[in-house]
Amino acid sequence: MFKTGICVAMFVSILEFATCLSDDNKLRIQSTFVSAGEKCVTEHPITEEDITAFKERRFPESTGAACFSACVLTQIGLLDDKGAISATTALEKAKTVFDSDEELKVVEEFLTTCAKDGESDGENRCDKVKQIFKCFVDNSEKFGF
């Protein structure tokens, strides 16, 4: 249950835009996050404080949370192995969830806006995901999420 709670908290904090999705699509996305999280939490444990931070749309300060997040986002295809947003893969996955071209265009613009936050070569993938998360939260209202 703890593992599931971790992933649901992260899911909620990152995918606030899910309110525009059908219940079936929300469940499919949630299932993807939970499955990835169960694989990642063993290697990158996080605390209850980390979960609380995710629920509050704050990125936790712990290294474990950063590496857990990078692992989950890599597992679901949002990040590449260097910690940069893999826009092509993410858009392909988005096409299985979003029905309209207009929604996909907004998702693409959103991903493009935040992709630069994972591009620097100097940081490790765990550090990069903090910046990507911040970009997602900072820009969610701008894109109607």
Exercise. Once the piece of chain linking Lys116 and Asp80 is laid out straight, how much longer is it, given 0.36 nm per residue of separation minus the C-alpha distance between them?
Worked result: 11.6 nm
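Take the cross-link list Lys105/Lys142; Lys55/Lys134; Lys105/Lys130; Lys95/Lys134; Lys26/Lys95 and give me the ones stretching past 20 Å between alpha-carbons.
Working: Lys105/Lys142 14 Å; Lys55/Lys134 14 Å; Lys105/Lys130 24 Å; Lys95/Lys134 24 Å; Lys26/Lys95 14 Å.
Cα-Cα > 20 Å for Lys105/Lys130; Lys95/Lys134; rest within.
Every number here is computed from the coordinates shown, using simple stated rules; none is lab data. All figures in this text were calculated on a predicted structure; none of them were measured in a lab.
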